[in-house]
Amino acid sequence: MEVLKSLRSYLSAEDYGRFMALVKGEVGIPLEYSLAQNYPNPFNPVTSIGYSVAGDVHTTLKVYNVLGQELATLVDKVVEPGHYSVTWDASDVASGVYFYRLDAGEYSATRRMVLMK
């Protein structure tokens, strides 16, 4: 249990709560939309991105460079309510800061990630 408590310093309160719900098996249909921080971060060259969708909505998850240029579309479809995780393989891009954006219905969120090769 000490290991789980030490995770609190590495995760936001929201992400820690989601993680603990997974550990306790309390995962069901989410009540809200959310975009988690990628893991690991920094990464080389593959990372996972988690997100939750609370309704049947068209969902897109895209990766951008610091100039705002779209590099990858990881999700572009209607998804059912639930918790999801996708991976991004950044083998073909240079080290640096990248952004990923989730658009699901009226919900939108952007997070930053670091690729270190």
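The values are calculated or read from the model by the stated rules, or taken from the named source; none is laboratory data. The model shown is predicted, which means the values in this text are computed figures rather than measured ones. Counting neighbours? That spans all protein chains shown, and the Cβs are built from the backbone with ideal geometry, glycine included.
Take Val78 and tell me if it is closer than 18 Å to Ala36 by Cα and among the aliphatic types (A, V, I, L, M).
No, not satisfied.
Could you list, in sequence order, the residues of region 81-94 that are exposed (fewer than 13 other Cβ atoms within 10 Å of the Cβ) and more than 20 Å from Tyr33 (Cβ to Cβ)?
Listed by number, the residues that qualify are Thr87, Asp89, Ser91, Asp92, Ala94.
How many residues are assigned to a strand (DSSP E or B) and either more than 14 Å from Ala72 (Cα to Cα) or free of Cβ contacts under 8 Å to residues at least 40 places away in the same chain (or both) if we restrict to region 89-102?
Qualifying residue count for the region: 4.
Being of a type outside the set (Lys, Arg), exposed (fewer than 15 other Cβ atoms within 10 Å of the Cβ) and closer than 29 Å to Ile29 by Cβ is the filter here; which residues of region 68-77 pass it?
Thr73, Asp76
Anything in region 1-19 that is surrounded by 11 or more Cβ atoms within 10 Å (Cβ to Cβ), at pLDDT below 70, under 25 Å from Asp103 (Cα atoms) and among the aliphatic types (A, V, I, L, M)? List them, or say none.
none
I'd like to check something: does region 21-37 contain any residue that is at pLDDT 95 or above, within 17 Å of Val114 (Cβ to Cβ) and either in a loop (DSSP other than H, G, I, E, B) or of a type in the set (Gly, Ala, Ser) (or both)?
Yes.
Every residue, every condition in (1) surrounded by fewer than 12 Cβ atoms within 10 Å (Cβ to Cβ); (2) modelled with pLDDT under 95; (3) basic (Lys, Arg), yes or no:
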residue	(1), (2), (3)
His58	no, no, no
Val63	no, no, no
Val79	no, yes, no
Val97	yes, no, no
Tyr100	no, no, no
Arg112	no, no, yes
